[in-house]
Structures are given as structure tokens and as C-alpha cells.
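First comes the structure, then the notes that go with it.
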Amino acid sequence: MDRDTDVLVVGAGPTGLALGIDLARRGVPALVVERAQALFPGSRGKGIQPRTMEVFDDLGVLDGIRAAGGTYPVGKIWQDGRRTGEYRMFDAVEPSEGAPYNEPWMVPQWRTQRILRARLEELGGEVAFGREVVAVTQDEGGVRAEFASGQVVTARYAVAADGGRSTVRGLLGIGMAGETVDPSPTLVADVRISGLDRDNWHVFPPGEGDGFLAICPLAGTEDFQLVAQFPEGTAPDLSLEGIRKVVADRSHLAPESVTELRWASDFRPRAALADRFRSGRVFLAGDAAHVHSPAGGQGLNTSVQDAYNLGWKLGAVLRDGADAALLDSYEEERRPVAAEMLGLSTRVHRGETRRGGATRQLGLGYRESPLTRETRTDPGTLRAGDRAPDGTVAGVRLFDAFRGPHWTLLALGDAQTPDLGARIPVVRGPAPGAYGPGLYLVRPDGYVGWAGDAAAGLPEYLARFGRC
């Protein structure tokens, strides 16, 4: 099969754009296509967790993300036009040397996508809009995608990042099992509104016959995100007049306080997991593979990290000559994480757990992965498969050393450095607080792949990944 590109990425949401960036910086030809004529216009996935901030640091977009957003405001509870209480959405956690990003960062999804697209184009990538996939076929040589326009693109691999109603997943015949988290429909809208301060997240508890109303100022914009729950069986009115009525009925504000409607949608919160994350040469990522309740802010973050996991593996196979069997580890590593995060999102939605340390996703790892090798007889708290923390070694910040598409070897304490040539940067020095002495080989996605007291077995481990 003749190929137009190495990787076809279907969907230009955060998942597809992040994957496009990761492939572009590895020199892997990729095309990101999007069915719509423009990027998604709404704020829906507005919470960026600390682990995703680390990913964005590596992908070169952290400065833009930080400049575009802000911290989450304290919630103020209203009753009959009076403030009656305060609500903090997240448990406070102090930053540390190993985890410098300590709290979720609010950026409307539309703005995150613009930043990601700009970075993709800076690296020479592109998004082709108006490309609706209607057929997908594959053979041993590659994937062929047909579009509604009649155009055809062929690629060595394809990635379905086309959302919870994924067309590609349906064409592949991959099932998705799940449950309705809450049968009550929820309206979410981006509005301009007067009469509310921008220092607080305004919460109006349910009244008789009405669901709750929450109005949150969107950091870095003049907009508010409005969220309203409705009784089961209701069809929310998404018009400006409909939203004005909701605000007037459930708060002390007049209808005309809502001065502009910029975007609106409704949904029924659910949790669902695809039966498989791969069919031959086609992979599922993001909402195409797992659909979350928005509670706890896990959907976008889990999705971006799917892309981050898959990107370096596609690069190793397509650029570095690694065996294609490496790609099997994508589902082996990511599907259990997605299942865990789905459970967490559902528990948060139902009020069974707080938005605490687990929602920050810093504790997720791959200790059970077939790519993980822990060779120490007495490992400490940090083990192979864990996220590699930040720190400073001989004046070098580790996140600075990790940044880029390469592997990194840490030789800490008295550990002797093996001769790996010039392929892999080596950082030598005393072990920082989150680490013990020894050798730590850090994967391109910031996880410890191999750890040992000595270098025995390290060259053989690295050989699995080609010319890394």
C-alpha cells in the first residue's frame, strides 16, 4: 500500500493535537484530520491536572498554558440572594521539589486546543479540517481512510482520537461497555454575565423541582462557564432565552444579567471503556477509548496522557527501528489506567470521594508493565514503573534534563555509569530527595523504565527500543 503519511490522527481535540506534537518533534510524518471546520469552541474540559502540566512542560506548551489560565476560585454558596457558605473544590497540597505543580490549572478547552495547534504548526505539523471519515480498511502494510469528500489518505498507522461517539471505533467494530453515572441531563454553556464577581465560583443549591446551578469565571477570559442540572427526562433549552430563564429561576439574578451566549451543550454523565484500545494498525485514544463524568477533571487529562504514551512508541517503531511488538504495550499500560480513572471520576461525581491527591494523577504508573524492569534487590519508595519526580542533581533540574523526545539516565550517588555512547543523556550526582542512590533510566514519557544498583542488563533492555 502506498502511503501519504506515517500516522493518520483522526480528531483535533486535545488528544489528537498532543499526539501530533509528540510525533512532529520526533520527525515522524503525521496528519491530523478533523471532521468539523474549526476547533471545538467550548470550555468543557477546563481543568488541567498537575501530571498533565508536566506533560505540557515536556511538549513545549507550558508557558502558554500558564499564561492563558489561572487557579480555581473558591466556591461561594448562595441562598435567597445571600452568601451562606464557602466551598473549596480541591484539597490543598503544597508544591514539593519532586512535584512542582501542585494544583489543577483552569484553562478553557478551546484555548488549550489553540495553544496545542500553534505548537503543532510551529513544529511543521498541520490540521486538515472538514475531513469526515466514512470508511477504514487495513492490511499488513498500512491503513486506508476514506472521507465523505471522496478523498483518501493512507498511512502506516492510524489513531482514533475522534471523541466519545468515535466514528472510527464504530467502523472497527470495537464495543464500549459502561454505565450511566447520572440520568439527569446537564447543561453546560459559556456565557457573558453581569452581577457576579470573578473571584468566586458561584454555587446555587437545588430548589424545589430544580437542579443545581453553578457559574464559574473562566480564567484568562471574560466568560463564565454555566452548569445546570435538570430532572431526568427533561430536554434543556440551549438558547439564550432558555439559559436566561434557568438563571432567573435558580438565582437572584435577572434574566438580562446573561448578556451573551457563546456556546452551549447538554449531556448525560456516563462512564464507559472500550473493549480494546487497538485493532491491527489502528489505535484508540482519548474519549474514543474512555468516556468520563466531568467530575474531578479526569477525561481530558487521561486523554492527553494516552497520546503521550503512544507517541514515543510510534516514534520508536517508525523512526528508531524498534520492533512493532512494542506497540502492544500501549493498551497494556493505558487501559488499566483509564479504568482506574473512570472509577475515580464516578466516585467523585457521586460524592463518594473528594477531589484529592488521586485526581492529580501524579501517583499513576506502570509497575506491572512488560516494559518495566526493576533489578534492585532492595528498592526504595521510587521503583521502576513509577513517574520520575523532579529534583536537582549537581545543579541540573531533572525536568529540564527530561524535556525532549529522548531517554535519560540518572546515575545517582556512587552508581557507576555504563557506556551507552552518545545516544542517551546522563545526569550524575547526589540523589535528590525523591530518589535513592542507583541507576534510573527514564522513558521519553517521564516514567522510570529500568532501575538498578549496577548496569547489568541495561544495554539489553535498551536494545528493545531501537536506536533510542
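General observations
The rows are residues; the columns are (1) at pLDDT below 95; (2) touching a helix residue (DSSP H, G or I) at 6+ places or on another chain (Cβ under 7 Å); (3) polar (S, T, N, Q); (4) loosely packed, with under 14 Cβ neighbours inside 10 Å.
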residue	(1), (2), (3), (4)
L327	no, yes, no, no
D378	yes, no, no, yes
R383	no, no, no, no
P425	yes, yes, no, no
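- Count of the stretch 78-101 residues, restricted to those that are buried (at least 17 other Cβ atoms within 10 Å of the Cβ) and assigned to a strand (DSSP E or B), is 1.
- Conditions (1) in a helix (DSSP H, G or I); (2) touching a residue at least 24 places away in the same chain (Cβ under 8 Å); (3) surrounded by fewer than 17 Cβ atoms within 10 Å (Cβ to Cβ); number of the one not met by Q37: (1)
- Of the listed requirements (1) buried (at least 18 other Cβ atoms within 10 Å of the Cβ); (2) part of a loop (DSSP other than H, G, I, E, B), A451 misses just one: (2).
- Among (1) open to solvent by 40 Å² or more (accessible area, probe 1.4 Å); (2) modelled with pLDDT of 95 or more; (3) over 24 Å from D320 (Cα atoms), the one test that P370 misses: (3)
- Residues in the stretch 330-337 include at least one that is within 15 Å of G449 (Cβ to Cβ), open to solvent by less than 60 Å² (accessible area, probe 1.4 Å), in contact with a Phe, Trp or Tyr (Cβ under 7 Å, 6 or more places away or on another chain) and at pLDDT 95 or above.
- Note on the stretch 117-131: among residues that are aliphatic (A, V, I, L, M) and open to solvent by 30 Å² or more (accessible area, probe 1.4 Å), the one that is farthest from L62 (Cα to Cα) is L123.
- Residue in the stretch 253-263 that is of a type in the set (V, I, T), over 19 Å from the mean Cα position of the chain (by Cα) and under 19 Å from Y330 (Cβ atoms) present: no
- Complete set of residues in the stretch 274-290 that are outside any loop (DSSP other than H, G, I, E, B) and either more than 18 Å from V181 (Cβ to Cβ) or open to solvent by less than 20 Å² (accessible area, probe 1.4 Å) (or both): A274, R278, S279, V282, F283, L284, G286, A288, H290
- There is no residue in the stretch 181-194 that is farther than 25 Å from A264 by Cα and of a type in the set (A, V, I, L, M).
- Filter result (modelled with pLDDT under 95 and of a type in the set (G, A, S)) within the stretch 283-301: S293, A295, G296, G297, G299
- Residue identified as open to solvent by 20 Å² or more (accessible area, probe 1.4 Å), more than 21 Å from D199 (Cβ to Cβ) and assigned to a strand (DSSP E or B) among D6, D63: D6
- Summed over the stretch 309-326, the residues that are out of contact with any strand residue (DSSP E or B) (no Cβ under 7 Å at 6 or more places or on another chain), in contact (Cβ under 8 Å) with a residue 12 or more places away in the chain and not basic (K, R) give a count of 11.
- Test for E256: is it among the charged types (D, E, K, R), at pLDDT 95 or above and closer than 21 Å to W78 by Cα: yes
- At least 1 residues being of a type in the set (D, E) and open to solvent by 30 Å² or more (accessible area, probe 1.4 Å) is the threshold, and among the strands (runs of 3 or more DSSP E) wholly inside the stretch 132-190 those reaching it are 133-139, 142-147, 176-180.
- Applying a threshold of 9 Å to beta carbon distances and a minimum spacing of six or more residues, or different chains, the list of pairs starting in the stretch 85-96 at a residue that is farther than 17 Å from T359 by Cα and ending at one that is outside any loop (DSSP other than H, G, I, E, B) and open to solvent by 70 Å² or more (accessible area, probe 1.4 Å) reads G85/Q79.
The values are calculated or read from the model by the stated rules, or taken from the named source; none is laboratory data. Remember, it's a predicted structure, so these values are computed and weren't measured experimentally. Neighbour counts are summed over all protein chains in view; Cβ atoms, including those assigned to glycine, are modelled from backbone coordinates with ideal geometry. Areas reflect the complete protein model, heavy atoms only, side chains present, ligands, DNA and RNA absent. Shrake-Rupley method; radii C 1.70, N 1.55, O 1.52, S 1.80 Å.
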